[in-house]
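Remarks on the structure that follows.
The values are calculated or read from the model by the stated rules, or taken from the named source; none is laboratory data. Since the structure is predicted, the reported quantities are computational estimates derived from the model, not experimental observations. Cβ sites come from the backbone with ideal geometry, for glycine too, and all protein chains shown count toward neighbours.
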Amino acid sequence: MANAGTPSAEFVVILYMADWCLDSVLARNALKRAGIPFVEVDIDTEPGGKDAVRAVANGNCRVPVAVLQGSGAQTQVLIEPSMRELVEAAKAFMQFTE
């Protein structure tokens, strides 16, 4: 599990991805460019990674999947989002949870 930036205690993005998946690499790069801190979970190398992504992606093992978690029970799951959708949702969610 790799950290890019330092997620705050109130907000975290968990990016389930795989290095072989172009959309996953693009999602990681989009979050980095936007300055959005995230925790990267490579489903192929992280123990339990595939089970974890299935748990949040309706039983499917698809990538990229971004889980936006705020303080309390605030959670949003994006399954195979566009890069624009991912960044806009993360920014909006960060503002909402501040």
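Would you be able to say whether some residue in the range 69-89 is touching a Cys at 6+ places or on another chain (Cβ under 9 Å) and of a type in the set (A, V, I, L, M)? Scanning the range 69-89 turns up no residue that is touching a Cys at 6+ places or on another chain (Cβ under 9 Å) and of a type in the set (A, V, I, L, M).
Of the residues that make up the range 42-64, is at least one under 18 Å from residue 93 (Cβ atoms), at pLDDT 95 or above and β-branched (Val, Ile, Thr)? Looking through the range 42-64, none of the residues is under 18 Å from residue 93 (Cβ atoms), at pLDDT 95 or above and β-branched (Val, Ile, Thr).
Count of the range 43-98 residues, restricted to those that are in a loop (DSSP other than H, G, I, E, B), touching a Ser or Thr at 6+ places or on another chain (Cβ under 8 Å) and over 18 Å from residue 28 (Cα atoms), is 2.
The residue that is surrounded by the fewest Cβ atoms within 10 Å (Cβ to Cβ), counting only those in the range 8-47 that are out of contact with any Pro (no Cβ under 9 Å at 6 or more places or on another chain) and charged (D, E, K, R), is 33.
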